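Below is one structure, written out as structure tokens; the observations come after it.
The values are calculated or read from the model by the stated rules, or taken from the named source; none is laboratory data. Keep in mind it's a predicted model, so treat the numbers as computed, not measured. Don't worry about glycine lacking a Cβ; one is built from the backbone with ideal geometry, like all the others, and counts go over all protein chains shown. Protein only, heavy atoms only, side chains kept; ligands, DNA and RNA dropped before computing areas. Shrake-Rupley method; radii C 1.70, N 1.55, O 1.52, S 1.80 Å.
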Amino acid sequence: MVEFITMAPTSGDGTSISTGNAGWTTAKGTTQREPSFSYIKAIAEAAEAGGFTSLLLPTGAGCLDSVAVAANLINCTQSLKFLFAVRPGVMSPTTFAKQFATIDNWSEGRAQVNIVTGGSPKELAGYGDFLPHDDRYRRTEEYIHVLKRLFSEKEVSHAGEFYELKNATLFPALKQTGSPKIFFGGASETGKQVAANVADVYMMWGEPLEIARERINDMKARYARAGRQASYSISFQVVLGKTEAEAWANANALVQHLAPEALEQKQQDRAKGDSVGVNRLHDLMEASRKDNFVIGPNLWAGLTQVLSGNSIALVGTADQIADRVVEFVSLGFDKVLLRGFPHLEVITEIGADVIPRVNERLSHAVPH
């Protein structure tokens, strides 16, 4: 069966998109819903009740701190796992390992790891991280290597290109059985090879089915050459409607008040950034502009006009969304991240109407 992941909108949330990735902490404007404790708590509770297994806690200059958020959500949930996003250039592996182990211990083994290399040199510079693209990915590989050793060995000494440790130990011991799976995504050649070498779950942003097929087959081959196996995750925004026409009307309503400065800012950020994944989605958006950003059956790139990262949306009825999800699962994706605007209402609908339909379809699917 497939696992469902969603994320905590710790930059803020709203019913429409006007200022792109701008959260309540940025200078671009404010969102309709600040990421207060009560709101993020409601997100976590809705996710758990709706059948999501994990809550991604993002990282970035405009996000709340993921570790602090998880520490406050532990006692509000029973089974929900917390997928921490962490950047190697921001926190040492030993510091993160201790924070992670503390949350894992207090949550009875519900902590997970998402390593994010980062694709915006401008944002990374704010943290004092000035490494070029490929150097950042080499550091990521070493970071994951060190982290895995800290999770599995009693004492770690390491001398590498970016990190040096002598007799490092981890307290407290992890509560979960076995070393935590490392979630990681990278679309560049360097990023894909790092994934094949050390990551356990390869994460992709949503794209048209045939492109996703090519990409996952490429990664399966890379993992095979490395003598390793992996799980695969794919991420989408979701726009639902009782009819397909209503769903598309809802999608168009999300972007009807786009600010011109937000459109311009996205173009500037894309030009200055070096994320291959962001550029891929931006190119899909530009190529589909004449078709109202439709890039496939129930697939829409309209949000990519102003959003970076996970911006491709599944648009349709609950049955249509479930059908599309099953198609991607059939390619080998065993984890699906779904989110939307406004987040609370969308994941509540997904939990009530989409996840049961996907599970029902998969229970009757013929094994390949």
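Data table
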{"item": "Principal axis dimensions, segment 42-126 - Cα atoms, whole angstrom, descending", "result": "39, 25, 17"}
{"item": "Calculated SAXS-style log₁₀ I(q)/I(0) at q = 0.10, 0.16 Å⁻¹ - segment 124-240, Debye, Cα scatterers", "result": "-0.39, -0.90"}
{"item": "Dimensionless Rg/Rh of segment 78-174 - Kirkwood Rh, Rg from C-alpha atoms", "result": "0.99"}
{"item": "Calculated Rg and Dmax of segment 153-214 using C-alpha coordinates, Å", "result": "16.4, 48"}
{"item": "Relative contact order (%) - criterion: Cα under 8 Å, at least six apart; region: segment 118-228", "result": "19 percent"}
{"item": "Full-extension gain in nm, ASP129 to ALA224, via 0.36 nm per residue minus C-alpha separation", "result": "30.9 nm"}
{"item": "Equivalent ellipsoid, segment 253-353 (semi-axes from 5 times Cα gyration tensor eigenvalues, Å)", "result": "25, 16, 13"}
{"item": "Computed over segment 248-309, Kirkwood Rh from alpha-carbon pairs, angstrom", "result": "12.0 Å"}
{"item": "Flagged links, alpha-carbon separation over 20 Å, of LYS175/LYS335; LYS148/LYS335; LYS154/LYS175", "result": "LYS175/LYS335; LYS148/LYS335"}
{"item": "Computed magnitude of the charge dipole of the chain (debye, nearest 20; Cβ of K, R +1, Cβ of D, E -1)", "result": "680 debye"}
{"item": "Summed side-chain charge close to GLU48 - residues other than GLU48 whose Cβ falls under 12 Å, Lys, Arg +1, Asp, Glu -1", "result": "+2"}
{"item": "Potential extension, ARG289-ALA173 segment - 0.36 nm per residue separation minus Cα distance", "result": "36.6 nm"}
{"item": "Mean ellipticity per residue at 222 nm, deg cm²/dmol - from DSSP H runs of n ≥ 4 across the chain, formula -39500 (n - 2.57)", "result": "-12500 deg cm²/dmol"}
{"item": "Farthest positive-ward along segment 173-277 dipole, Cα basis, beta-carbon charges - from PRO180, ASN252, ILE216", "result": "PRO180"}
{"item": "For segment 251-363, accessible area per residue (1.4 Å probe, heavy atoms of protein chains only), Å²", "result": "38 Å²"}
{"item": "Label point distance in nm, THR15-GLN193, each placed 7 Å from Cα along Cα→Cβ", "result": "5.0 nm"}
{"item": "Per-selection Kirkwood Rh - the chain (Cα, Å, 1 d.p.)", "result": "20.9 Å"}
{"item": "Relative contact order computed over segment 272-368 (Cα-Cα under 8 Å; 6+ residues apart), in percent", "result": "19 percent"}
{"item": "Relative contact order (percent, whole number), segment 1-142, Cα cutoff 8 Å, 6+ residue spacing", "result": "20 percent"}
